[in-house]
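Have a look at the structure below before the remarks.
The values are calculated or read from the model by the stated rules, or taken from the named source; none is laboratory data. Nothing here was measured: the structure is a model prediction, and the numbers come from that model. Please note: Cβ atoms are built from the backbone with ideal geometry, for glycine as well, and neighbour counts cover all protein chains shown. What goes into the accessible areas is simple: the full protein's heavy atoms, side chains included, and nothing from ligands, DNA or RNA. Shrake-Rupley method; radii C 1.70, N 1.55, O 1.52, S 1.80 Å.
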Amino acid sequence: QGVPKPFTEVIKANIGDAHAMGQKPITFLRQVAALCLYPELLASPNIPEDAKARARRLLAACGGQSAGSYSASPGIELVRGHVAKFIERRDGVAAKAQDIFLSTGASDAIVSILKLLVAGEGPTRTGVLVPIPQYPLYSAAIAELSAVQLNYYLAEDKCWALDVAELRRAVTEGRRRCCPRVLCIINPGNPTGQVQSRQCIEDVIKFAYEEKLFLMADEVYQDNIYAEGSAFHSFKKVLFEMGPPYREAVELASFHSISKGFMGECGFRGGYVEVVNMDPEVHQQLSKLVSVRLCPPVPGQILLDAVVDPPQPGEPSYELFMAEKKEVLGNLAHKAQLTQEIFNRTPGISCNPVQGAMYSFPRIHLPPRACAAAKEQGQAPDMFFCMKLLEETGICVVPGSGFGQQEGTFHFRMTILPPTEKLKVLLEKLSSFYTKFVKEFS
């Protein structure tokens, strides 16, 4: 509105939108998408043959050989088959195309599975266990479906670890007012950036088995692992390696997406859910449920295909693909390290190691006077801090109260996606603003 501000641009560090923050698209993914959307490019000598062969196969799998036609409701059969092979390579466990449903990003699949699982009234209403801090898609979907949200708190002092005793507390308390049926896990974590250990995943699976809970594993950040000693273990792999009785009995839905990882293709809206040990009759209802939406966006399915079936050694696109992937993930690992280092140098801010995903969730100490000033304006204290930060520096981050946090603690979530030089400036600016803010309200 023309009001002068003490900054020249707003830096949006509030959302995990990689390309909006300057990350370059992966060439192979865009070539395949471009060829499918504009097949005349198949005559171009500038595009490698393996990308063309891929596009031809995908177009042959589309109605009328056009990416503008509807696909089958669960997704293009060819792509579902490639997703199954990707899961087999990743986990060393068989996967079936009919257990895979393609979706409009992982979010759409998460909402579909929740819809399927929510039932009952009053004390029999479905209770859904969600981690706190959580990604707000969960609380929003649970509210929309009038299910009951059951919070379990991640342990900040243990690098946001998940503790089964805390899960037990949440289930026991939940049983007094609803019927806990679903346990949601986000690994690697959003907004907290932790990576669960294999032992932790085993404990969670045992707990789900004992309590007869349906497991929802949100694994969209599986490529984003940075900390030494951290590794991604899929829930499906661990479940199958645990053997009976767990392998046959625990019901699981796991989610993946093209929006995160090294791809960052948020706008194409591509993702999938794989269901494991789902009752055949329920499986049938899920097929009906997804058919209401006709089909996921075909360009998103095309990009997903290129992600789960990437160029192989010896193919023309392989070397560039691997170099670009390595560069993106290497930069993110460097920025994860930089973020925790700069924050932890600032008295009053403490930040756990960013082991994975794309965010840091630092804890900030806010003086009582700042809390009182926030109350006067009808704001949560961390919201008050974030608004002041935005007004004075142009840095946009999300208050911790938007994700949930332990009573009396304050945080904000910040993405590590900005280019390294910009991120450095942002972190220094944010730290000095925090110091000034504390001084002002002390």
Sole residue being free of Cβ contacts under 8 Å to residues at least 60 places away in the same chain and not in a helix (DSSP H, G or I), chosen from Ala53, Ala34, Ala94: Ala94
If you go through segment 278-294 one residue at a time, do you hit one that is assigned to a helix (DSSP H, G or I), open to solvent by less than 30 Å² (accessible area, probe 1.4 Å) and more than 27 Å from Phe214 (Cβ to Cβ)? no
Verdict on Asp223 being open to solvent by 10 Å² or more (accessible area, probe 1.4 Å), part of a helix (DSSP H, G or I) and not hydroxyl-bearing (Ser, Thr, Tyr): no
Residue identified as surrounded by 16 or more Cβ atoms within 10 Å (Cβ to Cβ), without any contact (Cβ under 8 Å) to a residue 24 or more places away in the chain and of a type outside the set (Asp, Glu) among Met387, Met383, Met358: Met383
Quick check, is Glu241 charged (D, E, K, R), more than 23 Å from the chain's Cα centre (by Cα) and modelled with pLDDT of 95 or more? yes
Specify which of the listed residues (His256, His233) is on the phi < 0 side of the Ramachandran plot, modelled with pLDDT of 95 or more and in a loop (DSSP other than H, G, I, E, B). His233
Selection from segment 145-158 of residues open to solvent by 30 Å² or more (accessible area, probe 1.4 Å) and in contact (Cβ under 8 Å) with a residue 24 or more places away in the chain yields Leu145, Ser146, Asn151, Tyr153, Glu156
Of the criteria (1) part of a loop (DSSP other than H, G, I, E, B); (2) touching a Pro at 6+ places or on another chain (Cβ under 8 Å), which one Gln406 fails: (2)
Checking the structure you have, find out if any residue of segment 59-68 is among the polar types (S, T, N, Q) and part of a strand (DSSP E or B). no
What pairs can you find where one residue is in segment 401-419 and farther than 18 Å from Ser139 by Cα, the other is surrounded by 20 or more Cβ atoms within 10 Å (Cβ to Cβ) and of a type in the set (Phe, Trp, Tyr), and their Cβ atoms are less than 6 Å apart, with a gap of 6+ or different chains? His411/Phe361; Thr415/Tyr359
Among the residues of segment 165-175, are any part of a loop (DSSP other than H, G, I, E, B), surrounded by fewer than 17 Cβ atoms within 10 Å (Cβ to Cβ) and either in contact (Cβ under 8 Å) with a residue 24 or more places away in the chain or assigned by the TED database to the domain that holds Pro280 (or both)? yes
State all residues of segment 306-351 that are free of Cβ contacts under 8 Å to residues at least 12 places away in the same chain, in the same structural domain as Asp382 (by the TED database) and exposed (fewer than 14 other Cβ atoms within 10 Å of the Cβ); if no residue qualifies, say none. Glu341
So, in segment 411-430, of the ones that are surrounded by fewer than 23 Cβ atoms within 10 Å (Cβ to Cβ) and under 23 Å from the mean Cα position of the chain (by Cα), which residue ends up nearest to Ala370 (Cα to Cα)? Pro418
Kindly provide the set of residues from segment 51-87 that are over 18 Å from Val273 (Cβ atoms) and among the polar types (S, T, N, Q), ordered by number. Gln65, Ser66, Ser69
Can you confirm whether Phe433 is free of Cβ contacts under 8 Å to residues at least 60 places away in the same chain, open to solvent by less than 20 Å² (accessible area, probe 1.4 Å), in a helix (DSSP H, G or I) and out of contact with any strand residue (DSSP E or B) (no Cβ under 7 Å at 6 or more places or on another chain)? yes
The residue that is nearest to Phe235 (Cα to Cα), considering only those in segment 262-277 that are surrounded by 23 or more Cβ atoms within 10 Å (Cβ to Cβ) and of a type in the set (A, V, I, L, M), is Val273
If a residue must be surrounded by 15 or more Cβ atoms within 10 Å (Cβ to Cβ) and farther than 19 Å from Pro299 by Cα, how many such residues does segment 21-57 contain? 3
